[in-house]
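**Student:** Dumping the structure here so I can ask a few things about it.
Coordinate-derived values only; no laboratory data. Owing to the predicted nature of the structure, the values given are computational and were not obtained by experimental measurement. Note that each Cβ is placed from the backbone with ideal geometry, even for glycine, and that neighbours are counted across all protein chains shown.
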Amino acid sequence: MEEKNLTTVGKEASAEFTEKKSVFIGYTAPVQSAEEAEEFIRKIKKKHADARHNVSAYIIGNSVRYSDDGEPKGTGGVPVLEVIKKSGVDGTVVVVTRYFGGILLGAAGLVRAYSKAAAMAIEEAGIVTYREYTECTVSCDYALYDKLLYDIGRRTVITDNTEFSGNIVLHLAVLSEEYEAFEKALHSMTNGKIAPVKTGTRLDA
């Protein structure tokens, strides 16, 4: 089974610095769609409607977009996009707001400043990798519970909930790449009497 991972920024965050009287404010957020990314860009543009530029870029799978927002071509959006790429994150949008301070930075200066603001925002947000888990339920009698717990302890498993009634019902999330081995171990352990029932998949840290 192919495991799906998602490395993205851990939260919405911002960072600010001043370069030759121009103020640069970097914003970033985890996003799941281009629509969500565009909405975040609109939100920052509205917040800083009085700013000279709101440069942006995002990567969501194969959806890649950037905007110089009036800066000389290649001096805003591309450097921000490159920072996102180098950070190794996906599902991430970055907007860098610039309040012009009256001193021209030149093309190289703009590239450095926009790159710095983007990198600072991503660093502030932190980077987290979400891995694919297969959600399932397992029903067993009390005699097998300890043996089952021992096997779960050997694997990458999140126990979401445990119900104690006539039988014990465990609601689990098993790392997808380990699910097949977990299924086989249960079969072997119980002589085929117990099998996990898949209920879905999710990404979890």
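**Student:** Using per-residue counts of other Cβ atoms within 10 Å, averaged over each peptide, order 145-151, 8-14 from highest down.
**Tutor:** So the order, starting with the most tightly packed, is 8-14, 145-151.
**Student:** Now, a different point. How much length is gained if the chain between Asp50 and Thr7 is pulled fully straight, taking 0.36 nm per residue apart and subtracting their Cα-Cα distance, in nm to one decimal?
**Tutor:** Result for the pair: 12.1 nm of gain on full extension.
**Student:** Sticking with this one: Using packing as a proxy for protection, rank 59-66, 76-83, 91-98 so that the peptide with the highest average count of other Cβ atoms within 10 Å comes first.
**Tutor:** Ranking, from highest mean packing down: 91-98, 76-83, 59-66.
**Student:** Let me ask another. Report the gain in length on full extension from Glu35 to Asp146: 0.36 nm times residue separation, minus Cα-Cα distance, nm rounded to one decimal.
**Tutor:** Using 0.36 nm per residue and subtracting the Cα-Cα distance, I get 35.2 nm.
**Student:** I would also like to ask the following. Taking every pair of Cα atoms in region 1-77, average 1/r, invert it to obtain the Kirkwood radius, and report Rg/Rh to two decimals.
**Tutor:** With Rh from the inverse mean 1/r over Cα pairs, Rg/Rh is 1.02.
**Student:** Output the DSSP H helices from the chain with an along-axis C-alpha extent of no less than 18 Å and a mean Kyte-Doolittle hydropathy no less than -1.0.
**Tutor:** Span-like helices in the chain: 106-125, 176-189.
**Student:** Can I ask one more? Do you know the relative contact order of the chain, to the nearest whole percent, from alpha carbon pairs under 8 angstrom that are 6+ apart?
**Tutor:** 25
**Student:** Please work out which option in (1) 24.3, 94; (2) 23.8, 77; (3) 20.0, 67 gives Rg and Dmax of the Cα atoms in Å calculated from these coordinates, and answer with its label.
**Tutor:** (2)
**Student:** Now a separate question. Could you list which residues have their amide H under 5 Å from that of Arg65, counting only those 5 or more apart in sequence or on another chain, with H placed in the peptide plane?
**Tutor:** Residues meeting the criterion, in which the H sits 1.01 Å from N, are Tyr58.
**Student:** Under the definition of Cα pairs under 8 Å and six or more residues apart, what whole-number percent is the relative contact order of region 28-129?
**Tutor:** 32
**Student:** For region 190-195, what does the Karplus curve 6.51 cos²θ - 1.76 cosθ + 1.60, with θ = phi - 60°, yield as ³J(HN,Hα) per residue in whole Hz, taken in order and with x for Gly and Pro?
**Tutor:** In residue order, the calculated couplings are 10, 6, x, 7, 10, 9 Hz.
**Student:** Show me, for region 163-171, the HN-Hα J-couplings you get by feeding each phi into the Karplus relation (A = 6.51, B = -1.76, C = 1.60, θ = phi - 60°), rounded to Hz, glycine and proline as x.
**Tutor:** Per-residue couplings from phi come out as 9, 10, 9, x, 10, 9, 10, 9, 9 Hz.
**Student:** Straight-line reach only, C-alpha to C-alpha below 18 angstrom: list the lysines that Lys4 could link to, leaving out same-chain residues fewer than 8 apart.
**Tutor:** Straight-line reach from Lys4, under 18 Å: Lys198.
**Student:** Turning to a different aspect of this structure: Can you give the net charge of the other residues whose Cβ lies under 14 Å from the Cβ of Ala118, counting K and R as +1 and D and E as -1?
**Tutor:** Summing Lys/Arg as +1 and Asp/Glu as -1 gives -3.
**Student:** Let me ask you something else. Contour minus end-to-end for Lys85 and Ile194, with contour as 0.36 nm per residue of separation and end-to-end as the Cα-Cα distance?
**Tutor:** 34.7 nm
**Student:** Excluding residues on the same chain fewer than 8 positions from Lys20, give the aspartates and glutamates whose Cα lies under 18 Å from its Cα.
**Tutor:** List returned: Glu71.
**Student:** Determine the sum of side-chain charges near Asn191: Lys and Arg each +1, Asp and Glu each -1, restricted to other residues whose C-beta is under 15 angstrom from that of Asn191.
**Tutor:** Value of the local net charge: 0.
**Student:** Counting alpha carbon pairs within less than 8 Å and at least 6 residues apart, what relative contact order, in whole percent, applies to region 100-189?
**Tutor:** Reported relative contact order: 29 percent.
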